[in-house]
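Participant: I have a structure I would like to understand better, so I am pasting it below and will then ask my questions one at a time.
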Amino acid sequence: MLKTTLVASAVFLLATAAHANVYITEFCSDTGDNQKLEFAEFTNLGTTSVDMTGWSEDDSTAKANKSGHSLTGLGILAPGESGIITEATPAAFRAYWGLASTVPVVGPYTSDSLSTTADSVTLFNASGTLVDRIDYSGAGTTGDSVTRNAPLDALGLNDNALWVNSQLGDSFGSFRAAQNVSLVGNPGQYNVPEPTSLTLISAVGLLAARRRHR
């Protein structure tokens with residue numbers, strides 16, 4: 001009976017929480033050679049495209065629609081597609097990492113860069129509702145001179161302890177930055193699981209989030 005209830009609740013949550021399709025999946029507060037190349041990545045993990053018009057990003061001040069932090073320029077994210085917001089210009093960011101021109105990138109920030117000691121990445125939908133957040137602090141977990149990725153079981157949970165630093169050969173397909181071979185990351189891509197697995201993971205994540213807010 002409990003299992004049936006859990007599955008039914010999960011299906012209901014998935015059907016009523018379309019905003020949860022887009023998650024924060026990677027961030028970097030400082031590349032080690034130029035803080036202006038910091039970034040946050042957002043990935044559409046749903047099965048339908050998401051129009052990012054009116055969506056926005058912020059740091060720990062968590063303010064929707066802050067000037068200079070619009071994600072509208074990411075356009076429409078297809079299922080499995082990732083977009084980037086950076087403190088650099090899109091051209092400089094793509095050149096730094098060696099990314100194709102097709103990778104959606106918006107920037108630069110106009111204010112409120114990510115701190116290298118403790119800060120947050122917050123994501124708001126077109127209604128101004130906070131839909132995802134990751135707070136970070138502590139040595140080795142801040143995104144300073146490293147990029148950090150969200151494993152599937154960490155999506156939407158705001159638990160930086162579950163996130164991992166990028167490294168060559170990891171499941172995220174991380175690679176060396178074209179203009180800084182000491183930096184490894186995978187901006188602009190996120191390995192998306194099969195739809196069935198993703199549905200189950202999303203359901204469990206949503207239920208866990210509900211429990212934490214009770």
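Participant: Out of residues 5 or more away from N180 or on other chains, whose amide H comes under 5 Å of its own, with H placed 1.01 Å from N in the peptide plane?
Facilitator: none
Participant: Find out how many positive minus negative residues lie around N65, taking Lys and Arg as positive, Asp and Glu as negative, among other residues whose Cβ is under 15 Å from that of N65.
Facilitator: On the way: positive: K63, K66; negative: E57, D58, D59, D112.
Net charge around N65: -2.
Participant: OK, next. How would segment 20-205 be classified by its alpha-carbon gyration tensor: rounded, prolate or oblate, with rounded meaning a/c under 1.5 and the a/b versus b/c comparison settling the rest?
Facilitator: Working: a/c = 1.26, a/b = 1.12, b/c = 1.12.
Here segment 20-205 falls in the rounded category.
Participant: In addition: Around N186, what is the net charge, scoring Lys/Arg as +1 and Asp/Glu as -1 over all other residues with Cβ under 9 Å from its Cβ?
Facilitator: Charge balance near N186 sits at -3.
Participant: Moving on. May I ask you to derive the FRET efficiency for N65 and Q167 from their Cβ-Cβ distance with R0 = 45 Å, giving the value to the nearest 0.05?
Facilitator: Numbers: r = 36 Å, r/R0 = 0.79.
E between N65 and Q167, to the nearest 0.05, is 0.80.
Participant: Which order do E41, E81 fall in if you start with the one that has the fewest other Cβ atoms within 10 Å? Working shown, then result.
Facilitator: Numbers: E41 26, E81 22.
By the 10 Å Cβ count, ascending, the order reads E81, E41.
Participant: Would you mind checking which residues have amide H under 5 Å from T25's amide H? H placed 1.01 Å from N; only 5 or more apart, or other chain.
Facilitator: E41, F42, T43
Participant: From the phi angles alone, apply the Karplus equation (6.51, -1.76, 1.60; θ = phi - 60°) to segment 79-89 and give each ³J(HN,Hα) in whole Hz, x where the residue is Gly or Pro.
Facilitator: Result, rounded to whole Hz: x, x, 8, 10, x, 10, 10, 9, 7, 8, 6.
Participant: Also, quick follow-up: Around N160, with a cut-off of 12 angstrom between Cβ atoms, what is the net charge of the other residues, counting Lys and Arg +1 and Asp and Glu -1? Intermediate values should be presented prior to the final figure.
Facilitator: Numbers: positive: R133, R148; negative: D119, D135, D159.
Combined, the nearby Lys, Arg, Asp and Glu give -1.
Participant: Apply the Karplus curve 6.51 cos²θ - 1.76 cosθ + 1.60, θ = phi - 60°, to the phi angles in segment 153-163 and return the couplings in whole Hz, x for Gly and Pro.
Facilitator: 7, 9, 4, x, 9, 6, 10, 5, 5, 8, 6
Participant: Let me ask you something else. Could you go through segment 54-66 in sequence order and give the Karplus-derived ³J(HN,Hα) for each residue, using 6.51 cos²θ - 1.76 cosθ + 1.60 with θ = phi - 60°, rounded to whole Hz, and x for Gly and Pro?
Facilitator: x, 6, 8, 10, 8, 9, 5, 5, 6, 10, 6, 6, 5
Participant: Check which residues have an amide H placed less than 5 Å from N158's amide H, if you skip close sequence neighbours.
Facilitator: Amide H neighbours of N158, under 5 Å, 5+ apart: R133.
All of the numbers you see were taken from the coordinates with simple rules; none came from a lab. As the structure is a computational prediction, the values presented were derived from the model and not from experiment. Neighbour counts run over all protein chains shown; Cβ positions are idealised from the backbone, glycine included.
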